[in-house]
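Only one structure is covered here, and it is reproduced in the block below.
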Amino acid sequence: MKATLRKITIKEICEGFVYNEYEGKGLYGLNGRLTIQPEYQRNYIYADGKRDVAVIDSVIKGYPIGLIYFNKVGEDKYEVLDGQQRITSLGRFMTNKLDIIDSKGDPQNVSSIGADIRKKIEETELLVYICEGTETEIKEWFATINIAGIPLNEQEMLNATYYGPFVTQAKAVFSNSNNPLLQKWSAYISGNVKRQDFLHTALSWVGKGDVSRYMSQHRKDEDINELKTYFDSVIDWVSATFKDVYSEMRGIEWGRLYETYHTRAYNVETLARRVEELMADDCVTDKKGIFEFLLGGESETKLLNIRLFEKATIKSVYTKQTIEAKQEGYSNCPYCREENKANATRIWKENEMDADHVSAWSRGGATDIDNCQMLCKTHNRMKGNR
Ligand SMILES: [Zn+2]
């Protein structure tokens with residue numbers, strides 16, 4: 001790959017700047033010779049009134065805004081490889097689509113800022129590396145650069161690495177903030193659609209957790225049918241199985257649960273009632289675990305991270321059990337006593353015992369003092385969840 005350093009003024013770069021307000025994208029500059037957002041670039045995410053304004057402030061103060069990289073795609077034709085966010089901020093300011101705040105706290109735009117400051121901005125030279133090379137060389141390089149400010153996240157990096165018709169179509173569905181289905185999907189998926197979190201989830205579901213492998217296998221696909229069908233199947237299955245929507249459903253590994261459980265039949269009414277009961281149960285401290293717990297037939301209690309007995313409860317039960325045991329001359333672990341073996345008269349220390357639900361939590365036993373007994377650690381483990 002060959003790279004040549006050039007200085008280009010902000011005025012030149014912003015000439016013929018086109019901004020797509022609807023998609024939030026800077027499209028062209030350099031009088032049409034520069035494509036600002038090629039398909040492998042992420043969406044414009046500086047438009048938050050801070051990072052975009054900071055770019056303009058830096059230029060006014062004479063601070064460098066960093067290297068910019070163009071890919072030469074034809075005779076005097078370029079694409080932005082790195083610098084799209086900064087160029088879009090500059091372009092928006094120069095075309096009166098971005099206000100900044102001056103030192104007195106007043107909003108200023110390019111028309112009100114004063115001729116001398118405007119001239120300074122226009123004449124500021126940006127350092128641009130013009131890269132020439134094969135597509136593979138440039139993509140490999142692009143995947144390894146670390147952009148100052150906001151580093152690309154994993155999915156943005158993968159989109160850049162595997163860009164092509166598959167990624168373009170997948171982004172049009174899963175990275176599109178105007179997709180009317182987003183609201184429904186948001187009940188089950190967490191994250192930011194612009195930062196590719198929904199696309200990442202969809203790919204991770206269909207790719208059984210290996211997004212990179214799936215993207216490399218499908219990068220040349222002309223359609224995204226499998227991705228879309230699989231995603232819809234998971235969403236349809238979740239929404240049909242659990243008829244009520246809870247905020248705890250967001251971000252659960254639904255793809256994995258679908259793979260494991262979608263062939264089993266469930267009574268939807270019973271499930272809905274159990275979800276409601278467990279959501280209201282104070283002992284269930286991991287509410288997100290409720291769904292997998294129910295799908296698996298209520299056996300994996302550890303998914304719910306059941307609240308333990310209070311320290312005071314444990315102390316008081318231990319004391320009562322131990323005094324009684326000493327008086328009667330048998331072990332303070334009722335199971336040791338019953339077994340009538342070597343430990344039948346052993347008095348365990350408090351830290352050698354664990355608090356146990358007499359009537360198991362999973363069978364409706366409460367987490368209160370009346371349902372608490374102390375068992376030696378061995379017997380507590382043996383009793384398990386029975
Ligand atoms: Zn015991």
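The values are calculated or read from the model by the stated rules, or taken from the named source; none is laboratory data. Predicted model only: the values in this text are computed from it and were never measured. Cβ atoms come from the backbone with ideal geometry, glycine included; neighbour counts cover every protein chain shown. SASA here: full protein model, heavy atoms, side chains in, ligands and nucleic acids out. Shrake-Rupley method; radii C 1.70, N 1.55, O 1.52, S 1.80 Å.
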Worksheet item: In sequence order, what are the phi-derived ³J(HN,Hα) couplings for the stretch 197-214 according to the Karplus relation 6.51 cos²θ - 1.76 cosθ + 1.60 with θ = phi - 60°, rounded to whole Hz, with x for glycine and proline?
Response: 5, 6, 4, 4, 4, 4, 5, 6, 5, 5, x, 6, x, 9, 5, 4, 5, 4
Worksheet item: Using modelled backbone amide H atoms (1.01 Å from N, in-plane), which distant-in-sequence or interchain residues come within less than 5 Å of Cys372's amide H?
Response: Val358
Worksheet item: Going 7 Å from the Cα of Arg219 in the Cα-to-Cβ direction, what parts of the stretch 70-86 have a backbone nitrogen less than 20 Å from that spot?
Response: 71-73, 79-82
Worksheet item: If you line up the long axis of helix 84-94 against the longest principal axis of the chain, both from Cα atoms, how many degrees apart are they, to the nearest 10?
Response: 50 degrees
Fill in: For the stretch 183-291, Kirkwood radius (reciprocal of mean inverse C-alpha pair distance, Å)
15.1 Å
Practice prompt. With a 4.7 Å Cβ cut-off, tell me which Cys residues in the chain come up empty for a partner.
Written response: Cys14, Cys131, Cys283, Cys372
Practice prompt. Take the alpha carbon gyration tensor of the stretch 287-343, find the square roots of its eigenvalues, order them as a ≥ b ≥ c, and report rounded if a/c is under 1.5; if not, report prolate when a/b exceeds b/c, else oblate.
Written response: oblate
Item to complete: State log₁₀ I(q)/I(0) for the stretch 229-386 at q = 0.10, 0.12, 0.13, 0.14 Å⁻¹ as given by the Debye formula over alpha-carbon point scatterers of equal weight, solvent excluded.
Response: -0.50, -0.64, -0.70, -0.76
Worksheet item: If you average the sequence gap of Cα pairs under 8 Å that are 6 or more apart and divide by the length of the stretch 184-278, what percent do you get for the contact order?
Response: 34 percent
Response to the item:
The Kirkwood hydrodynamic radius of the chain, taken as the inverse of the mean 1/r over all distinct Cα pairs, in Å, comes to 26.0 Å
Worksheet, complete the sentence: Any residue on another chain or 5+ positions along whose placed amide H is under 5 Å from the amide H of Thr345 is listed here as Ser331
Worksheet entry | Lys320/Glu277 FRET efficiency (R0 30 Å; Cβ-Cβ; nearest 0.05) | 0.45
Worksheet item: Is the shape of the stretch 233-314 rounded, prolate or oblate, going by the alpha carbon gyration tensor and its root eigenvalues a ≥ b ≥ c, with a/c under 1.5 for rounded and a/b larger than b/c for prolate?
Response: prolate
Discussion item. Please compute the length gained on full extension between Trp237 and Tyr22, using 0.36 nm multiplied by the number of residues separating them and subtracting their Cα-Cα distance.
Written reply: 74.1 nm
Worksheet entry | Karplus (6.51, -1.76, 1.60) ³J(HN,Hα), θ = phi - 60°, over the stretch 63-69, in Hz, Gly and Pro reported as x | 7, x, 10, x, 6, 10, 10
Worksheet item: Quick one: which of 105-111, 6-12 comes out on top by average Cβ neighbours within 10 Å, and what's the full order, highest first?
Response: 6-12, 105-111
Fill in: Per residue value of the accessible surface for the chain (all protein chains in place, 1.4 Å probe), Å²
52 Å²
Discussion item. I'd like the carbon and sulfur percentage of the solvent accessible area for the stretch 41-122, probe radius 1.4 Å, heavy atoms only, ligands and nucleic acids excluded.
Written reply: 49 percent
Worksheet item: Sequence-distant or interchain residues sharing an amide H contact under 5 Å with Ile306, placed H: which?
Response: Thr285
Practice prompt. Check the straight Cα-Cα distances from Lys243 and name the lysines below 17 Å, setting aside those fewer than 8 residues away within the same chain.
Written response: Lys184, Lys287, Lys288
Item to complete: Step through the residues of the stretch 166-183 one at a time and calculate ³J(HN,Hα) from phi using the Karplus curve (6.51 cos²θ - 1.76 cosθ + 1.60, θ = phi - 60°), rounding each to whole Hz and writing x for Gly and Pro.
Response: 5, 5, 4, 5, 5, 5, 4, 8, 9, 10, 9, 5, 9, 5, x, 7, 3, 4
Item to complete: Over all alpha-carbon pairs of the stretch 332-385, lay out the pair-distance distribution in 10 Å bins, whole %, shortest bin first.
Response: 26, 52, 20, 2
Worksheet entry | Computed P(r) (all Cα pairs; the stretch 44-140; 5 Å bins; percent) | 2, 12, 21, 22, 16, 11, 8, 4, 2, 1
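For the cross-link pairs Lys11/Lys72; Lys311/Lys349; Lys302/Lys383; Lys25/Lys208, which exceed 23 Å when the distance is taken from alpha carbon to alpha carbon?
Numbers: Lys11/Lys72 20 Å; Lys311/Lys349 15 Å; Lys302/Lys383 15 Å; Lys25/Lys208 32 Å.
Pairs exceeding the cut-off: Lys25/Lys208.
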Worksheet entry | Relative contact order %, the chain, counting alpha carbon pairs below 8 Å whose residues are six or more apart | 10 percent
